[in-house]
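The values are calculated or read from the model by the stated rules, or taken from the named source; none is laboratory data. All figures in this text were calculated on a predicted structure; none of them were measured in a lab. Please note: Cβ atoms are built from the backbone with ideal geometry, for glycine as well, and neighbour counts cover all protein chains shown. The protein model used for the area step is the full one, side chains on, heavy atoms only, and it has no ligands, DNA or RNA in it. Shrake-Rupley method; radii C 1.70, N 1.55, O 1.52, S 1.80 Å.
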Amino acid sequence: MRAASGRGEGLSTVAKGRRIVLLAKRCLEARGAMVEIAPNVVRWVKQLPTGKLVPRSLRHDFFGLFDIVAVPRDRGSGAFYQVTVDANVKDRRRKILAASFPHATTDAILGYVPGRRRHFRVYRGGLGDFAWDGETWLVPPDPKIPRVRAEGAPGSAIPAAGVGGEEVTR
């Protein structure tokens, strides 16, 4: 059951992870990159008691390590991104370094920090350390959700009551 109090509460860990990856995609696209998310793979497996085939959706990363590949539109060099919550960055860093995968300075781990000013901490690949140097990316607003401005706010179609000495009736 989904909680009504906040976004992401009551979701499965797969759904939360998917939502965070989509937020990272929005950040990268706002920076002018072409973005590809690791595809979902569906496998048909037999259920033990009945022997019926049932579909199972499996999430696979690129090379078993990264969630996103992004290529900036202004230059041709791409980068791999691992997306996780900020508390799990240490584990993801350990996994990437243990795999001995050749990574570049453009590759990064994006650590999601939820809250009112939700953002990603960018841990760059650098010299193999994936260290945070203070770089953060704010999550841009969703263009599909219209922004509601307060009555009488600058740019609002609804004037504030009593502007210019006249009364506003609704």
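Things worth noting here:
- Taken over region 65-89, the criterion of being small (Gly, Ala, Ser) and buried (at least 19 other Cβ atoms within 10 Å of the Cβ) is satisfied by Ala70, Ala79.
- Residues considered: Arg31, Arg93, Arg75. Of these, the only one that is over 20 Å from Gly17 (Cβ atoms) and within 20 Å of the chain's Cα centre (by Cα) is Arg31.
- Every pair of residues 6+ apart whose Cβ atoms lie under 8 Å, when the first sits in region 130-142 and is free of Cβ contacts under 8 Å to residues at least 12 places away in the same chain and of a type in the set (Phe, Trp, Tyr) while the second is outside any loop (DSSP other than H, G, I, E, B) and open to solvent by 40 Å² or more (accessible area, probe 1.4 Å): none
- Pairs with Cβ under 9 Å, 6+ apart, first in region 99-116 and without any contact (Cβ under 8 Å) to a residue 24 or more places away in the chain, second among the charged types (D, E, K, R): Thr105/Arg124
- Within region 24-42, the residues that satisfy the criterion of being in contact with a strand residue (DSSP E or B) (Cβ under 7 Å, 6 or more places away or on another chain), assigned to a helix (DSSP H, G or I) and either aromatic (Phe, Trp, Tyr) or in contact (Cβ under 8 Å) with a residue 12 or more places away in the chain (or both) are Ala24, Lys25, Cys27, Leu28.
Here's the yes/no breakdown for (1) among the acidic types (Asp, Glu); (2) farther than 15 Å from Ile20 by Cα:
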{"residue": "Val113", "(1), (2)": "no, no"}
{"residue": "Arg117", "(1), (2)": "no, no"}
{"residue": "Val122", "(1), (2)": "no, no"}
{"residue": "Asp133", "(1), (2)": "yes, yes"}
{"residue": "Leu138", "(1), (2)": "no, no"}
{"residue": "Pro141", "(1), (2)": "no, no"}
{"residue": "Lys144", "(1), (2)": "no, yes"}
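- Tally of residues being under 15 Å from the mean Cα position of the chain (by Cα) and open to solvent by less than 50 Å² (accessible area, probe 1.4 Å) across region 119-136: 4
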